[in-house]
1. Within segment 115-131, whose backbone N sits under 11 Å from a point 7 Å along Cα→Cβ of residue 67?
2. In a shell of Cβ-Cβ distance under 12 Å around residue 133, excluding residue 133 itself, what net charge do Lys and Arg (+1) and Asp and Glu (-1) give?
3. Pulled fully out, how much extra length does the chain show between residue 104 and residue 136, if you take 0.36 nm times their separation in residues and subtract their Cα-Cα distance?
4. Rank by packing, highest mean first: peptides 59-71, 95-107, 77-89, with packing defined as the count of other Cβ atoms within 10 Å averaged across residues.
5. Using label points projected 7 Å from each Cα along Cα→Cβ, tell me how many nm separate residue 76 and residue 90, to one decimal.
Amino acid sequence: MTKHEHISFVHSHEKAHVWIPARYERLGVTDTRGGRRTGRWSLEYRALTELPDLLDENEGEVSRILRHRRGETRADVTFQGTGCVRHFSLDGRRQQELVRNVGSFHGTITIPGEGLIAISADPTSWGPLQKWKLKLK
C-alpha cells in the first residue's frame, strides 16, 4: 500500500526551496482542495552538493534550504511573522528544530554543526513567508 503525506507549499513568484525526504519516490502536485488545477509549476531536483551555502548574512521572503559547512555556530534570527529554523544532518537521519515562532521574533540560535538549515513558515509549510534574516555571529 502506498503511503501519502501532505507537504504544504504555497506558490510564489520567487524561487522557494522545499525539503522532500529521501524516502519518497514520487511527487504529486494538487491544489488546496485536492483537485488537479494547480497552475504552472517548475520543479528542480538538486543534490546536496548543489545547495547554496549559508552565508554570514542571509535574508528572504520564501522558504530556503542552505548548506552549513562549519561547526557549531551562533546566529541571530529575525522573523517579521511566523517562522521556523531547522537543522538536518547531511545523511538526513537527524533533525532538530532550532526555533519556531508565531508572530514576530528576534533571538539567537545555536546551529549544532555541519548540515542543512531549513527556513520555512513552519515544519510542514513551504513557500512564501514574511521577511526573515539570519546572521551568523
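No value in this document is a laboratory result; all are computed from the given coordinates. Since we're looking at a predicted model, the values are computed, not measured. Note that we place each Cβ from the backbone using ideal geometry, even for glycine, and neighbour counts take in every protein chain shown.
1. Correct set: 115-116.
2. -2
3. Residue separation times 0.36 nm, minus the Cα-Cα distance, leaves 9.6 nm.
4. Ranked by mean Cβ neighbours within 10 Å, highest first: 77-89, 59-71, 95-107.
5. 3.0
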